[in-house]
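Worksheet: one structure, shown below.
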């Protein structure tokens, strides 16, 4: 895992905490540009990324990383609860968004989710993001894409994702196994060319189908 933050003390403290939890840290970066360079060289599984840094910020760095290393997952760890920052980070490809006052358990859950290709975003933040998207105008052309690309069952799964349901709840509601839910989500992301489930939720809400 790579830690990206412009504060040396925070980076060192976080590294020590994570190593105590058994996380293998492959590097540290103090700037977005440095992070992109390291990812290009070693493509770590997960990057924990600060949002506000001098020069290239966390959002731009995330955008570069998802372009050059699609299998590297970015988790934002920041003090900002600003809706705009959250939206920008998610749409840039971050698959987790956690606040710096999160517990080490929450952070580990976010890192684990990211390493499994899932997303973990504080529920109140996810709700705010989707509320903000709902307030903007819907885009009917997205709805047409969803209807033409996805099966009826995949659309059902997408709607439940957009309503904040996790895999276990989706499996229960649709009477299918969690493994089948995972397969449906993989197909949805692939067909719609989207990186992770929170982006899928934003996409679904924008379409107006939810």
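A short reminder: the numbers here are calculations on the coordinates, not readings from a lab. As the structure is a computational prediction, the values presented were derived from the model and not from experiment. Every residue, glycine among them, receives a Cβ derived from its backbone with ideal geometry; neighbour counts consider all protein chains shown.
Fully extended, how many nm does the chain gain between residue 149 and residue 183 (0.36 nm per residue separation, minus their Cα-Cα distance)? Could you put the intermediate results ahead of the total?
Numbers: separation 34, 0.36 × 34 = 12.24 nm, distance 1.56 nm.
Gain on stretching residue 149 to residue 183: 10.7 nm.
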What distance in nm separates the two pseudo spin-label positions at residue 141 and residue 102, each 7 Å out from Cα along the beta-carbon direction?
3.5 nm
Contour minus end-to-end for residue 68 and residue 175, with contour as 0.36 nm per residue of separation and end-to-end as the Cα-Cα distance?
34.7 nm
Classify the stretch 63-103 from the C-alpha gyration tensor, please: rounded if a/c falls under 1.5, else prolate or oblate depending on whether a/b exceeds b/c.
oblate
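Please give the calculated 222 nm ellipticity per residue for the chain, where each DSSP H segment of at least 4 residues contributes -39500 (n - 2.57) and the sum is spread over every residue; nearest 500 deg cm²/dmol? Show your work: numbers first, answer last.
On the way: 11 runs with 125 residues, N = 210.
Using -39500 (n - 2.57) per qualifying helix, the result is -18000 deg cm²/dmol.
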Applying the gyration tensor rule to the Cα atoms of the stretch 17-80 (axes a ≥ b ≥ c; rounded if a/c under 1.5, else prolate if a/b exceeds b/c, else oblate), the class is oblate
Tell me the label-point distance for the pair residue 37, residue 166, using the 7 Å Cα-to-Cβ offset, in nm and rounded to one decimal.
3.9 nm
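Which value, in Å to one decimal place, does the Kirkwood hydrodynamic radius take for the stretch 122-187 when every pair of different Cα atoms is included? Walk me through the numbers before you get to the answer.
Numbers: mean 1/r = 0.0767 Å⁻¹.
Kirkwood hydrodynamic radius for the stretch 122-187: 13.0 Å.
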Can you tell which of 87, 190, 56 shows the greatest fluctuation in a Gaussian network model of the chain with Cα springs below 10 Å?
190
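To the nearest 0.05, how large is the calculated FRET efficiency for residue 81 and residue 8 if R₀ is 22 Å and r is the Cβ-Cβ distance? The partial results should precede the final answer.
Numbers: r = 25 Å, r/R0 = 1.11.
So the FRET efficiency works out to roughly 0.35.
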For Cα extents along the principal axes in Å the list reads (1) 45, 38, 34; (2) 49, 35, 31; (3) 94, 39, 24; the calculated value is entry (2)
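Please state the shape class of the stretch 63-139: rounded when a/c is under 1.5, otherwise prolate if a/b exceeds b/c and oblate if not, all from the C-alpha gyration tensor. Don't skip to the end; give the middle numbers.
On the way: a/c = 1.91, a/b = 1.21, b/c = 1.58.
The shape class here is oblate.
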